[in-house]
Amino acid sequence: MAEPAVKIPDAKVALSTASVYPESTATAFEIAARLGYDGVEVMVWTDPVSQDIEALRRLSDYHQIPVLAVHAPCLLITQRVWSTDPWTKLQRARAAAEKLDASTVVVHPPFRWQRQYARDFVAGIWRMANETDVRFAVENMYPWRYRDREMLAYAPDWDVTRDDYRHFTIDLSHTATARSDALDMVDRMGDRLGHVHLADGRGSAKDEHLVPGRGTQPCAEVLERLALTGFDGHVVIEVNTRRAMSSAEREADLAEALAFTRLHLASAAKVPRR
């Protein structure tokens, strides 16, 4: 039997609910279903629906779109969501993932001023990962820059490959902002890469989250490498559509991102030499 010409991994393509902001979490489920995404990643933030497991379950059932991942509330604007204690936030994110049958919790490294949390973070993530089948996938971040100044805002490090975690998330908007080599980071993460946030950037000091293909990041090359290695995690479209002039324009951007991902999340199979 002839070998297939194209190799496609088992990875599912999900829509981050953050990608529809300023529209709601509920709208994200609706758009994901209409455009043909495989699922959603719920960004837990100030939208009350994103914090309500039963509401999320009802949305998932109604739209027949699964929750594949839960992004723990790690942003500055979510400091009081699900408690002010960071470990409580992660415990609640794990409980949400378990109840929603999501396989992954995405977590950022601590802010440097969260000293005790940062000190215990690596060991604590391992401890939590050992208590569940849910993956805790720690996400690469970036230095904060202002003009010619650079602030290291994350600890133990914004480059999470410098520490020992069971699973990683790579975010290609963050590699752009950090001005780091995305393909090299994929290689360093190796088989511990469990989750991908797909977006683009131009190397600005601002975390841009552009539609894939509109910046300078090797989005296509990363997806093709995932196909070659048989990646079985999730690829999540996490883009900024705040500047969309209408809901139709926002939806067009998200359709374009999905088409780009499906096109490149495949690799030409190696043809044996005769």
Residue that is nearest to Leu198 (Cα to Cα), among those in the range 145-164 that are of a type outside the set (D, E, K, R) and free of Cβ contacts under 8 Å to residues at least 40 places away in the same chain: Thr161
Qualifying residue in the range 222-241 (condition: farther than 30 Å from Asn130 by Cβ, under 16 Å from the mean Cα position of the chain (by Cα) and open to solvent by 40 Å² or more (accessible area, probe 1.4 Å)): yes
Residue that is most open to solvent (accessible area, probe 1.4 Å) [pool: residues in the range 119-138 that are outside any helix (DSSP H, G or I) and more than 12 Å from Tyr165 (Cβ to Cβ)]: Asp133
Hits in the range 139-156 (condition: assigned to a loop (DSSP other than H, G, I, E, B) and loosely packed, with under 15 Cβ neighbours inside 10 Å): Arg147, Asp148, Leu152
Subset tally (residues that are buried (at least 18 other Cβ atoms within 10 Å of the Cβ) and either modelled with pLDDT of 95 or more or not small (Gly, Ala, Ser) (or both)) for the range 1-11: 1
Residue in the range 244-254 that is surrounded by fewer than 16 Cβ atoms within 10 Å (Cβ to Cβ), of a type in the set (S, T, N, Q) and in contact (Cβ under 8 Å) with a residue 12 or more places away in the chain present: yes
Candidate set: the range 192-224, residues that are among the acidic types (Asp, Glu) and part of a loop (DSSP other than H, G, I, E, B); chosen: the one nearest to Thr161 (Cα to Cα): Asp207
Search result, residues across the range 38-66 that are over 15 Å from Val196 (Cα atoms) and open to solvent by less than 10 Å² (accessible area, probe 1.4 Å): Val44, Ser50, Leu56, Ile65
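The values are calculated or read from the model by the stated rules, or taken from the named source; none is laboratory data. Everything numeric in this text was worked out from a predicted model, so none of it was measured. Please note: Cβ atoms are built from the backbone with ideal geometry, for glycine as well, and neighbour counts cover all protein chains shown. Heads up: the accessible areas ignore ligands, DNA and RNA and are worked out on the full protein's heavy atoms, side chains in. Shrake-Rupley method; radii C 1.70, N 1.55, O 1.52, S 1.80 Å.
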